[in-house]
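What follows is one structure encoded as C-alpha cells, with my remarks underneath.
Each reported figure results from applying straightforward, stated rules to the coordinates on display, with no laboratory input. Remember, predicted model here, so these are calculated numbers, not experimental data. All Cβ positions, glycine included, derive from the backbone under ideal geometry; neighbour counts span all protein chains shown.
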Amino acid sequence: MSETIQAIFELPHDRVTCEVRAGSLLTAAAAEAGLILNVACGGRGTCGGCAVELLAGRFADASGGAIEVSPGGSRRALACQTRVVGGEVRVRVPVRSLIEAGERIVMDFAHAPAFSLRPPVRKVYLRLPPPILRDQRGDLERIVDELRRHGFEGPVVASVYVARGAELVAGSEYELTVTLTRQAGAWHVIRLQAGDTTDVNYGAAVDVGTTTVAVALVDLNRGEIVDAASRYNQQVIRCDDVASRISYAADRSRIEELRDLVVDETVDPLVRLLARRAGVEVEDVAHMTVAGNTVMSHLFCGLDPSGLGGVPFAPVSNFPGPYRAGQLHLAMNPEGFVDVFPSAAAYVGGDITADMHVCGVTRGTRLTALIDIGTNAEIVVGHRDRLIGCAAPAGPAFEGRGLSCGMRAAAGAIDTVAIDALDDDPRFTVVGDARPAGLCGSGLIDFVAQAFAAGILGNAGRFTDEARRRCARVRAVATGAGEVPAYVLAEAEDTDDGLAPLAVTEADVAAVLQAKGVIFAALQIAMKHFGRGLEDIERLYLAGGFARHIDPDNAVGMGLLPDLPRDRFVFVGNGSLGGAFLALCDRAVREALPRIAAAPAVIELNLDADFMDAYTMAMFLPNADPSLFPAAGGG
C-alpha cells in the first residue's frame, strides 16, 4: 500500500490540508483537498494553467527526476506534471491556477426584454379534510380534488416517486404544499411537503458553454436571480473544442463519460453550491432551463453527437426534451422537468436561440447583426422577415484559455489596458482586490488594440523593430517553449505569484488575431448572403460572457467589430444565460422558442469561396483591407 502524506495547499486567502498517496499527481492531490486546478490542456503540460509554487517536500517531474524543496525555498512547477513523493509537502496555488465558482463577468447579461411572470412551476398550500369512513378516496385523489377547487383544470397526474411520499399527508395533519408543473396539457405533481412552503420555489437557468458553464438560481415566485456561479466545463480535461468532443464520443462508451463531466462534475456542483449559499435544499429547485450549442446540448442529455461531425451534420434532435431531472441525474427535484433550448442547426445552437429572443431579432424591422462570442462563435444577421445564420470556430482565446497570459474574469484578471505611447508604462485595472495574475478577454482586446495604436505591434501582430529597440517592456521572457519575445505588463514582483512576469507573447497575439479574424470574416460572409454590406447594419448586438465589458473603440481598433457609429452597438453580455432565465420565468418564452430557432436560414462558411480570403485579410491589424478601417491605418 502506498505511503500516505500530509499535504498543505496555500491559497490566496485560505489554507487546506489533506492526506494524499505518495506518487499522486499534484492535480489529483489538489482534488483530494477539494481544489480544482486549471488543466485546460487535459493534463498534457502544454497550457501552463496549473502552475503552482512548491514550498516544501519531495516531488518528481514528468520524467521521474527528483525535485526536493527545503523549507524556505520555492520552485515553480506544473501540477499536472509533478508527483508527490514525500516529506512535509507544502504547495502554494496562485489565483490564476485555481478554478473557482463565482466569476460575475461570465454571468452578466443585460438588454433583457420585458416579461410576464408565468413560471412553469406552481406551489399550492392545501388544508385537506381528514378521511372519514364513508369517504374511501385515497390521499392523492383527495389532493387532486382539492386542486380542482383551486382552479387546476385538465389531467392532474403524480408519479410513483411522489405517491411514495403521500404518507406525510396524515403526518402533517392534512396541511401540505403541493408543487406542480404543467407539461403537454397536464399538471404533474412533482412534490408533496408538510406545512406551507409556498415561499420556497426555485428554478435553475443554465448556460452550457464549450469552455464555461454558468448557473443562476432563480426565485420563481418573484422572477429574480438569487445567486449565480460559474466554472470551466469539466469536459475540457478530455477535449478542447466541439470538434474534438465529437471525435472523442465516436467511442460510444465515452458519451456517458462526457455527460458525467458536464452534469456530475460541472452543473451539479454549481447547483449544490448555490442551494447551500441560499440556505435551501437541492430538491427545492423544481425546474431547469438549459441553453447551449448543439453539441453541448447533446452531451448534456447523453445523446450521440457523431452525426454533427460530418456532412450533412444531422443531430439526434434539434428539439430535445423536456426531460425529467432524474433521467439526467441532475442535482434538483428528480421529478422536475428540464427544458433544453432548441437549435437551428448543427452549429447554430440553443445558445443563439436564447440570444435571438433576448435581442428581439425575430421581432424587429431594422437590419440587425447578432454576434455571440464563444469558443464557437455564432452569428445571425437580418430582421424579422429574413435571417441568415452561421457559425465559426473562434477558439477559446477570448475566454482566457490557450494563452500564456490568459485567465477567466476572476479576481486577479487584468480587464482593461491603456498604453499611451511606445515607451510609456501601461495602465491597467484588475478584477477584485488582487494583484495581477493574467488577462481576461476584455483586457486582451484592449492590449492588442492599444499596442497596435502605440506602434508596439505591427499589422501582422508581431512586435515592431522600433518597439524592440525603444520599449523596455518588449523583451525575451521564459516560457514552456523557451525564451520568446513578449510585452511585459507586470514584473514578477508585482504579480500574484511573484514568480514570473505577466507578459503577452507573440503567440498569444496570434491566437487573439485568429479568433477575431474568423469572427469578422464570418460576419462579412453572412452579410454578403443577405445582400448588404457591413455599413448597412443598423444595430449590432454583441453577446458572450465578457461582452458587456468590451471597450467598443478597442474592439474596432483591433478589427473584431466593424467600424460603425458607436451608438449602433449593444453589448448584451451572456444572452444565453439571459434567455434561459427568461424561459424559466415566462412560459410564453418557452412556447416561442421552436419558432425562434427555426427562423434563420443557416449557411456553411466552409462552402463559401470567399470565406478563406476574408479570414486571411482579417488576421491583420485591424484588417488587410484598408477601406474597412480607414481611420485605424488598416493595410
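Based only on other Cβ atoms within 10 Å, what is the fewest-to-most ordering of CYS239, CYS585?
Details: CYS239 19, CYS585 27.
Sorted ascending by nearby Cβ count, the order is CYS239, CYS585.
Sites listed here are GluC sites (Glu not before Pro) in the range 470-533 whose DSSP assignment is loop and whose Cβ has at most 13 other Cβ atoms within 10 Å: GLU491. Against the chain, whose longest principal axis is taken from its Cα atoms, helix 441-453 shows a tilt of about 30°. Considering the options ALA411, ILE603, LEU370, tell which one lies farthest towards the positive end of the dipole of the chain, charges being +1 on Lys and Arg and -1 on Asp and Glu at the Cβ, about the Cα centre. Farthest towards the positive end: ILE603.
Determine the calculated [θ] at 222 nm for the chain from helices alone, applying -39500 (n - 2.57) to every DSSP H run no shorter than 4 residues and normalising by the residue count; nearest 500 deg cm²/dmol.
Working: 17 runs with 156 residues, N = 635.
That comes out to -7000 deg cm²/dmol.
When DSSP assigns beta bridges and you keep just the ones with both residues in the chain, what percent turn out antiparallel, to the nearest 5? About 70 percent, rounded to the nearest 5.
Charge dipole (Cα centre; +1 on Lys/Arg Cβ, -1 on Asp/Glu Cβ; no other charges) of the range 202-340 amounts to roughly 180 debye. Available extension along the chain between THR46 and GLU591 is 191.7 nm, counting 0.36 nm per residue and deducting the alpha carbon span. The charge dipole of the chain, taken about its Cα centre with unit charges on the Cβ atoms of Lys, Arg (+1), Asp and Glu (-1) only, comes to about 900 debye. For ALA243 and ILE132, the difference between the fully extended length at 0.36 nm per residue and the C-alpha to C-alpha distance is 33.6 nm.
Among residues other than THR365 with Cβ under 12 Å from its Cβ, the summed charge is +3 (Lys and Arg +1, Asp and Glu -1).
The candidate values are [x] 19, 48, 28, 6, 0; [y] 17, 44, 33, 6, 0; [z] 16, 39, 27, 14, 4, 0; the one derived from this structure for P(r) over Cα pairs in 20 Å bins from 0, in percent carries the label [x]. Its relative contact order, with pairs defined as Cα atoms under 8 Å and 6+ residues apart, puts the chain at 13 percent. In a DSSP loop and with at most 11 other Cβ atoms within 10 Å, the trypsin sites (Lys or Arg not before Pro) in the range 143-194 are ARG164.
If I take every Cα pair under 8 Å that is 6 or more residues apart in the range 142-211, average their sequence separation and divide by the length, what percent do I get for the relative contact order? Present the calculation step by step, with values, prior to reporting the outcome.
Working: 70 pairs, mean separation 20.8, N = 70.
After rounding, I find 30 percent.
Can you tally the net charge around ASP446? Count Lys and Arg as +1, Asp and Glu as -1, for every other residue whose Cβ sits under 9 Å from the Cβ of ASP446. Within the 9 Å Cβ shell, the charges total -2. In this label model, ALA194 and ALA507 are separated by 6.2 nm, measuring between points 7 Å along each Cα→Cβ vector. From least to most packed, judged by other beta carbons within 10 angstrom and beginning with the fewest, LEU261, LEU11, LEU582 follow the order LEU11, LEU261, LEU582.
Relative to the longest principal axis of the Cα atoms of the chain, the long axis of helix 587-597 lies at roughly 50 degrees.
Counting other C-beta atoms within 10 Å, which of ASP494, ASP268 has the fewest, and how do the rest follow?
Details: ASP494 13, ASP268 19.
Fewest to most other Cβ atoms nearby, the residues stand as ASP494, ASP268.
Using 0.36 nm per residue and subtracting the Cα-Cα separation, the extra length available between HIS529 and HIS329 on full extension is 67.7 nm. Working note: Karplus 6.51/-1.76/1.60 with θ = phi - 60° gives the range 215-223 the couplings 10, 10, 8, 10, 7, 6, 6, 10, x Hz, where Gly and Pro are set to x. A simple rule links phi to the HN-Hα coupling: the Karplus curve 6.51 cos²θ - 1.76 cosθ + 1.60 with θ = phi - 60°, which for the range 520-537 gives 5, 5, 4, 5, 4, 5, 4, 5, 4, 5, 6, x, 9, x, 4, 5, 7, 5 Hz, with x for Gly and Pro.
Taking a Cβ cut-off of under 10 Å around ARG590, the surrounding Lys, Arg, Asp and Glu residues balance to a net charge of -1, with basic ones at +1 and acidic ones at -1.
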